[in-house]
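J.: Here it is: the structure, laid out below.
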Amino acid sequence: MSTTKTNYPALYTLITVFFFWGFIAAGNSIFIPFCKSYFSLDQFQSQLVDFAFYTAYYIGALLLFAFGNMFGRDVVGKWGYKKSIVYGLLFSALGAGAMIIAVEASVYAGMLVGLFIVALGFSLQQTAANPFAILLGDPKTGASRVNLGGGINSFGTTIGPIVVALALFGTAKSISDEQIKALELSKVVILYIGVGLLFIAAAALFYFSKKVPSGIANEPMEKANKALRTLVFMTVLLGVMFTPIFQSYKSDEALKIESFEKQKENYIKQQDEIKKSNGIINDDTDLKIKNLDSQIKELKEPLEQKRMLWLSGALLVVLGGILYSYLSAQKKPEGWGAMQYPQLVLGMLAIFTYVGVEVAIGSNLGELLKLKEFGSLQSSDIAPYISMYWGSLMIGRWAGAISVFNLQGSKKTIALIIVPLIAFGIILGVNILSGKDMKPLYYYIICVYILSGKDMKPLYYYIICVLIQIGAFFLSKDKPARTLLIFGSFGMIAMLVGLFTTGTVAIYAFLAGGLACSIMWPSIFSLSIIGLGKYTSQGSAFLIMMILGGGIIPPIQGKLSDIIGIHQSYIIAVVCFGYLTLFAVLVKGLLKKQNIDVDAIEVEGSH
């Protein structure tokens with residue numbers, strides 16, 4: 001179905017689901033440090049929030065591909081995009097219900113299951129929503145509708161951390177980690193009741209709206225049995241790799257470490273009480289603390305190394321599985337489908353890396369800000385920074401959407417300068433309205449400061465990073481390979497600056513990772529599926545599966561943080577941006593060999 005006139009009522013209904021994806025995903029960045037303190041987790045365990053959420057995207061996409069491969073038809077197209085989105089919303093509502101039960105029982109594993117179910121529904125929604133947006137009008141303007149959805153998605157990522165922080169911590173200025181453990185979770189229950197009801201309301205809006213077409217598309221689906229078998233085998237191996245890690249937290253060594261840490265905590269409390277009353281330190285208690293430290297270290301080091309080894313194995317499963325598929329497809333293409341194209345294989349790794357680094361930077365940021373050299377912030381104080389990180393993606397995506405309006409000359413130049421600053425102002429405005437202390441964001445932009453009259457010092461001079469990004473847009477000239485090369489290099493440099501500095505400069509550098517990631521998804525997607533012909537739809541499905549990176553890379557950084565420290569763990573981000581930069585170079589050469597004009601590729605798609 002295609003029309004020359006855009007179905008605006010259907011489009012406005014559709015973009016509500018884009019908002020949900022961003023709201024929940026970015027809200028997880030606040031939920032992670034909260035869970036770490038509330039449930040006394042290590043950094044790896046807290047990152048299981050991302051593992052559950054983004055693994056669900058992979059499982060959902062894999063199941064849809066498996067059913068489509070079995071029946072020779074796209075399952076979502078056969079159901080119709082409208083029904084598929086309704087089913088996805090109801091499934092997400094079921095996940096919200098599971099979250100409510102788990103929160104009431106204060107069971108962390110139950111919360112992870114709830115998030116998994118929510119994201120499984122999102123996987124079905126996302127599979128249907130992007131092609132549905134293109135079908136709601138002239139195909140030539142389809143990219144503008146998809147990018148509109150992306151803009152709404154990014155707005156969700158900006159306010160998600162603020163709303164979740166208010167639900168968890170209220171309007172209090174600062175809550176210590178000890179106080180977090182004593183918090184009532186009734187507001188979280190209310191939050192997910194509200195989210196669940198919104199899912200149901202959106203499903204009803206879709207189902208009963210006569211303006212929203214069914215969107216049935218009965219196009220045949222190319223089979224790829226060998227690719228499916230390999231992906232299923234990869235999934236089983238991933239389960240094999242993660243199972244020993246989970247079991248290790250119930251091992252004798254882990255239980256001893258937990259016991260020693262509780263003893264150490266009690267001795268520290270005793271020492272504090274003695275110091276307060278007598279002003280002296282008890283040498284005997286101090287010696288006991290040091291002995292416990294030594295025993296904990298002796299037990300912990302080999303255990304953490306084993307866990308890191310299994311996590312590295314999980315990463316190798318993904319990398320090895322994709323490369324094996326490609327090499328096998330080169331020898332005998334039959335049964336491998338889109339896997340025979342090198343640009344797709346490299347693109348799958350690029351999407352895996354991109355989603356992984358985008359999520360890992362934001363999810364580990366809360367723990368980083370707790371360090372003394374980064375401000376010694378409590379979990380309740382980090383929302384403005386998390387909002388700014390995810391809001392940085394909105395800045396870039398809004399600027400990236402300018403090209404669909406066909407502006408020329410000075411109009412386009414003005415838009416590229418003004419739009420990012422408007423997006424930046426919206427982010428500040430949302431944070432100001434939240435009632436949080438905005439000192440770290442002071443002077444971000446002079447006009448916002450004057451109009452709001454608020455003190456925003458915490459993000460002073462971050463506007464410089466935004467201006468650098470604007471310059472990068474001018475240099476990229478709407479060419480996907482060039483865009484990816486410039487923004488990949490920008491991200492790598494920013495992460496290196498963050499690694500080798502501390503304080504405000506390092507914070508801004510890590511926040512700038514959001515600016516670097518903001519325009520990457522459509523560039524990678526466009527470069528990966530060009531030239532696939534009849535396998536384009538299948539290639540898109542494979543790329544969606546690689547959202548799995550958001551479930552693998554953050555836990556790897558989390559475990560590396562447990563071993564070498566949270567600041568040093570951001571070396572993971574440097575490596576990820578390094579590969580994305582390399583992909584831009586490699587894919588350009590590959591496409592030229594296939595006589596494809598790289599500079600003529602149109603950037604489409606939304607994440």
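The values are calculated or read from the model by the stated rules, or taken from the named source; none is laboratory data. None of the values given here were measured: they were computed from a predicted structure. Cβ coordinates were reconstructed from backbone atoms using ideal geometry, including for glycine residues, and neighbour counts include every protein chain displayed. Heads up: the accessible areas ignore ligands, DNA and RNA and are worked out on the full protein's heavy atoms, side chains in. Shrake-Rupley method; radii C 1.70, N 1.55, O 1.52, S 1.80 Å.
J.: State the number of residues belonging to segment 495-508 that are of a type outside the set (Val, Ile, Thr) and open to solvent by 10 Å² or more (accessible area, probe 1.4 Å).
T.: Residues of segment 495-508 of a type outside the set (Val, Ile, Thr): 495-496, 498-500, 503, 506, 508.
Adding the requirement that they be open to solvent by 10 Å² or more (accessible area, probe 1.4 Å) leaves 496, 499-500, 503, 508.
Qualifying residue count for the region: 5.
J.: Could you check, for segment 557-566, whether at least one of its residues is in contact with a Phe, Trp or Tyr (Cβ under 9 Å, 6 or more places away or on another chain), surrounded by fewer than 21 Cβ atoms within 10 Å (Cβ to Cβ) and either of a type in the set (A, V, I, L, M, F, W, C) or more than 19 Å from Met348 (Cα to Cα) (or both)?
T.: yes
J.: Shifting gears a bit: Which of the residues that make up segment 294-351 are open to solvent by less than 60 Å² (accessible area, probe 1.4 Å), in a helix (DSSP H, G or I) and of a type in the set (Phe, Trp, Tyr)?
T.: Of everything in segment 294-351, just one residue is open to solvent by less than 60 Å² (accessible area, probe 1.4 Å), in a helix (DSSP H, G or I) and of a type in the set (Phe, Trp, Tyr), namely Tyr326.
J.: Would you mind finding the one in Ile180, Ile162, Ile175 that is under 30 Å from Ile30 (Cα atoms), in a loop (DSSP other than H, G, I, E, B), touching a residue at least 40 places away in the same chain (Cβ under 8 Å) and open to solvent by less than 60 Å² (accessible area, probe 1.4 Å)?
T.: Numbers: Ile180 fails: in a loop (DSSP other than H, G, I, E, B); Ile162 fails: in a loop (DSSP other than H, G, I, E, B).
The match here is Ile175.
J.: Of the residues in segment 235-253, how many are closer than 16 Å to Phe51 by Cα and open to solvent by less than 60 Å² (accessible area, probe 1.4 Å)?
T.: 8
J.: Say whether the condition of being farther than 29 Å from Ile547 by Cβ, among the polar types (S, T, N, Q) and at pLDDT below 75 is met by at least one residue in segment 402-412. Give the steps one after another, and end with the answer.
T.: Of all residues in segment 402-412, those farther than 29 Å from Ile547 by Cβ come to 406-412.
When the remaining residues are screened for being among the polar types (S, T, N, Q), the result is 406, 408, 410.
Filter once more, so that each one left must be at pLDDT below 75: 406, 408.
Within segment 402-412, one or more residues are farther than 29 Å from Ile547 by Cβ, among the polar types (S, T, N, Q) and at pLDDT below 75.
J.: Which one of Ile572, Ile507, Ile566, Ile553 is of a type in the set (A, V, I, L, M), in contact with a Lys or Arg (Cβ under 9 Å, 6 or more places away or on another chain), touching a residue at least 24 places away in the same chain (Cβ under 8 Å) and over 22 Å from Met339 (Cα atoms)? Lay out the reasoning, then the answer.
T.: Working: Ile572 fails: in contact with a Lys or Arg (Cβ under 9 Å, 6 or more places away or on another chain); Ile507 fails: in contact with a Lys or Arg (Cβ under 9 Å, 6 or more places away or on another chain); Ile553 fails: in contact with a Lys or Arg (Cβ under 9 Å, 6 or more places away or on another chain).
On inspection, the qualifying residue turns out to be Ile566.
J.: Only one residue in Lys256, Lys275 is over 20 Å from Ile563 (Cβ atoms), charged (D, E, K, R) and surrounded by 11 or more Cβ atoms within 10 Å (Cβ to Cβ), so which one is that? Explain how you work it out, then say what you get.
T.: Working: Lys256 fails: over 20 Å from Ile563 (Cβ atoms).
Exactly one residue qualifies, and that residue is Lys275.
J.: Output yes when any residue across segment 204-219 is farther than 16 Å from Tyr81 by Cα and either modelled with pLDDT under 80 or assigned to a helix (DSSP H, G or I) (or both), and no when none is.
T.: Checked segment 204-219: no residue is farther than 16 Å from Tyr81 by Cα and either modelled with pLDDT under 80 or assigned to a helix (DSSP H, G or I) (or both).
J.: Continuing with this model, one more query. Does Leu197 count as open to solvent by 80 Å² or more (accessible area, probe 1.4 Å) and either farther than 30 Å from Tyr8 by Cα or modelled with pLDDT of 90 or more (or both)? Working first, answer last.
T.: On the way: open to solvent by 80 Å² or more (accessible area, probe 1.4 Å): yes; either farther than 30 Å from Tyr8 by Cα or modelled with pLDDT of 90 or more (or both): yes.
Against the criterion (open to solvent by 80 Å² or more (accessible area, probe 1.4 Å) and either farther than 30 Å from Tyr8 by Cα or modelled with pLDDT of 90 or more (or both)), Leu197 qualifies.
J.: Just one of Val345, Val318, Val240 is free of Cβ contacts under 8 Å to residues at least 12 places away in the same chain and among the aliphatic types (A, V, I, L, M); which is it?
T.: Details: Val345 fails: free of Cβ contacts under 8 Å to residues at least 12 places away in the same chain; Val318 fails: free of Cβ contacts under 8 Å to residues at least 12 places away in the same chain.
Sole residue among the options that is free of Cβ contacts under 8 Å to residues at least 12 places away in the same chain and among the aliphatic types (A, V, I, L, M): Val240.
J.: I've got another one for you. For segment 67-95, which positions are under 20 Å from Ile15 (Cα atoms) and hydrophobic (A, V, I, L, M, F, W, C)?
T.: Selection gives Val76, Trp79, Ile85, Val86, Leu89, Leu90, Phe91, Ala93.
J.: Another one. Of the conditions (1) at pLDDT 75 or above; (2) buried (at least 19 other Cβ atoms within 10 Å of the Cβ), Ile427 clears all except one; give me its number.
T.: Among (1) at pLDDT 75 or above; (2) buried (at least 19 other Cβ atoms within 10 Å of the Cβ), Ile427 violates only (1).
J.: When you scan segment 482-492, do you find a residue that is crowded, with 16+ Cβ neighbours inside 10 Å, farther than 23 Å from Ile572 by Cα and at pLDDT 75 or above, even just one? If you could, list the steps in order and put the result at the bottom.
T.: Step one: filter segment 482-492 for residues crowded, with 16+ Cβ neighbours inside 10 Å, giving 482-492.
Those still in the list that are farther than 23 Å from Ile572 by Cα too: 482.
If we keep only those that are at pLDDT 75 or above as well, we get 482.
For segment 482-492, residues crowded, with 16+ Cβ neighbours inside 10 Å, farther than 23 Å from Ile572 by Cα and at pLDDT 75 or above: present.
J.: While we're looking at this one, here's another question. Among the residues that make up segment 523-546, is at least one of them closer than 25 Å to Pro33 by Cβ and surrounded by fewer than 24 Cβ atoms within 10 Å (Cβ to Cβ)?
T.: Of all residues in segment 523-546, those closer than 25 Å to Pro33 by Cβ come to none.
Within segment 523-546, none of the residues are closer than 25 Å to Pro33 by Cβ and surrounded by fewer than 24 Cβ atoms within 10 Å (Cβ to Cβ).
J.: Among the listed residues Ile386, Ile351, which satisfies the condition of being touching a Pro at 6+ places or on another chain (Cβ under 9 Å) and within 21 Å of Gly513 (Cβ to Cβ)? I'd like the intermediate steps shown before the answer.
T.: Working: Ile351 fails: touching a Pro at 6+ places or on another chain (Cβ under 9 Å).
Just one listed residue meets the conditions, Ile386.
J.: Can you pull out the residues in segment 118-142 that are open to solvent by 30 Å² or more (accessible area, probe 1.4 Å) and not polar (S, T, N, Q)?
T.: Leu120, Pro131, Ile134, Leu135, Asp138, Pro139, Lys140
J.: Where in segment 1-97 are there helices (runs of 4 or more DSSP H), lying fully within it, with 3 or more residues that are open to solvent by less than 20 Å² (accessible area, probe 1.4 Å) and in contact (Cβ under 8 Å) with a residue 40 or more places away in the chain?
T.: On the way: elements: 8-38, 43-46, 48-71, 75-79.
Result: 8-38, 43-46, 48-71.
J.: Report, by residue number, each residue of segment 199-227 that is over 29 Å from Ala96 (Cβ atoms) and in contact with a Phe, Trp or Tyr (Cβ under 7 Å, 6 or more places away or on another chain).
T.: If the condition is that a residue be over 29 Å from Ala96 (Cβ atoms) and in contact with a Phe, Trp or Tyr (Cβ under 7 Å, 6 or more places away or on another chain), then Glu222, Ala224, Lys226, Ala227 are the ones that fit.
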